[in-house]
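The values are calculated or read from the model by the stated rules, or taken from the named source; none is laboratory data. The model shown is predicted, which means the values in this text are computed figures rather than measured ones. Ideal geometry is used to build each Cβ from the backbone, glycine not excepted, and the neighbour counts take in all protein chains shown. What goes into the accessible areas is simple: the full protein's heavy atoms, side chains included, and nothing from ligands, DNA or RNA. Shrake-Rupley method; radii C 1.70, N 1.55, O 1.52, S 1.80 Å.
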Amino acid sequence: MTGRTWSRRDFFRRSAVAGAVVLGGPALISACTSTNAGGNVLDNARSAGKIKIGIAGEEPYGFTDTSGKVTGEAPEVARAVLKAIGIDDVEAEQVEFGQLIPALNANQYDMVCAGMNITSARCEQATFSIPDYSAKTAFLVPKGNPQAITSFQDVASKNVQLAVLSAAVEQGYAKDAGVPDGNVQAFPDQNALLQAVTAGRVAAAALTDISLKWLASKNPSADVEVTEGFDPVQNGQPVVSAGGFVFRKADGPLVEAFNGALDTLHKNGQWVQIAQPFGFTQANLPAADLTTEKLCAA
């Protein structure tokens with residue numbers, strides 16, 4: 001599609017306690033070498049009946065719940081896709097977000113399932129699946145949205161304080177819309193954003209609508225709401241966001257098999273059933289013309 005900037009928000013980084021967890025259960029396992037030890041990772045994983053993935057502990061994309069179970073949209077979708085290509089068991093290791101690709105390339109695990117945004121810089125380091133989902137940007141605001149904020153331009157014109165996550169592209173969206181640097185406050189995680197809004201330190205917090213809706217649903221007593229999602233504008237063009245699964249560049253057969261089964265899940269309705277408990281809807285399925293190639297070239 002012409003006339004659009006194909007990009008993706010840089011999801012916030014959250015430090016996580018490194019550990020390996022069996023997907024679907026609380027049992028801890030020790031970190032071990034990749035199933036890619038000396039062979040085709042797809043064949044090895046099928047032969048062993050299992051594969052290892054990396055997550056970053058970010059809700060609702062991929063995280064370890066209070067029972068010790070690894071869950072979230074990305075691990076649950078991956079489990080269904082991998083089962084369809086002959087791999088029944090999944091083991092997960094949780095690392096800090098910025099270490100996901102380095103650890104992948106160091107054979108610590110064989111794929112990343114963290115809702116990672118597809119960007120040109122990351123495409124130079126690893127191979128992404130077809131886009132798994134797309135997401136809009138939104139604002140977390142006090143109930144009733146007293147400042148009537150629906151865009152970054154509103155934040156600029158009203159001269160109010162905005163909360164963003166550290167290392168996330170929302171800060172860039174705000175700057176491009178004319179929001180002064182002094183009006184943008186960076187916070188380390190979702191809960192800090194929520195607290196900034198509820199305490200009145202900021203008029204709004206910017207993040208993906210998926211993340212903010214999840215945050216609001218997990219804090220029903222907080223007097224907040226989420227604005228309607230939108231595509232922010234940079235350089236005069238709307239920014240389209242999408243995330244996917246990540247593989248080593250050498251693992252082409254696994255990528256090809258995974259993409260085929262993921263595409264089937266997107267088309268047969270199973271993806272929506274899996275992702276819906278995590279705040280995703282049919283509207284989050286990527287548009288047909290939103291391709292990894294376009295996102296990597298942005």
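Odds and ends about this structure:
- The chain: angle of helix 209-218 to the longest principal axis, Cα-based, in degrees nearest 10: 90 degrees
- Pairs of C-alpha atoms in segment 166-298 farther apart than 23 Å represent 48 percent of all such pairs.
- Built amide H within the under 5 Å cut-off of ASP132, gap 5+: GLY243, GLY244, PHE245
- Distance between the pseudo-spin-label points of THR150 and ALA297 (7 Å out from Cα toward the beta carbon): 3.4 nm.
- Interchain or long-range residues, amide H under 5 Å from LEU207's placed H: ALA138, LEU140
- Dividing the summed -39500 (n - 2.57) terms of all DSSP H runs of n ≥ 4 by the residue count of the chain sets its mean residue ellipticity at 222 nm at -8500 deg cm²/dmol.
- Sites matching trypsin sites (Lys or Arg not before Pro) across segment 159-238 that sit in DSSP coil, with at most 15 neighbouring C-beta atoms within 10 Å: ARG201
- Selection of trypsin sites (Lys or Arg not before Pro), segment 80-147, meeting DSSP coil and at most 10 other Cβ within 10 Å: LYS143
- Pairwise Cα distances in segment 124-244 exceed 26 Å for 17 percent of all pairs.
- Loop-exposed GluC sites (Glu not before Pro) per DSSP, neighbour cap 14 Cβ within 10 angstrom, longest uninterrupted part of the chain: 1-123
- Over segment 89-141, the Kirkwood radius and the radius of gyration, each from Cα atoms, give a ratio Rg/Rh of 1.02.
- Cα-based convex hull volume of segment 229-298 per residue, rounded to whole Å³: 114 Å³
- At most 12 other Cβ within 10 Å, DSSP loop - trypsin sites (Lys or Arg not before Pro), segment 237-278: LYS249
- Note on segment 111-131 and segment 216-251: Cα centroid distance 15 Å, given to the nearest whole angstrom.
- Placing +1 on each Lys and Arg Cβ and -1 on each Asp and Glu Cβ, with no other charges, gives segment 109-193 a dipole about its Cα centre of roughly 300 debye.
- Close amide H pairs (under 5 Å, H built 1.01 Å from N) link LEU165 with PHE187, residues at least 5 positions away or on another chain.
- If you wrap the chain in the convex hull of its Cα atoms and look at it from every side, the mean projected area works out to 14.6 nm².
- Accessible area in the full protein assembly, largest first, 1.4 Å probe, for VAL272, VAL246: VAL272, VAL246
- Model label points for LYS158 and ASN219, set 7 angstrom from Cα along the Cα-to-Cβ axis, are 1.8 nm apart.
- Centroid-to-centroid separation of segment 150-195 and segment 256-295 [C-alpha atoms, Å]: 29 Å
- Beta bridges assigned by DSSP with both partners in the chain are antiparallel in approximately 65 percent of cases.
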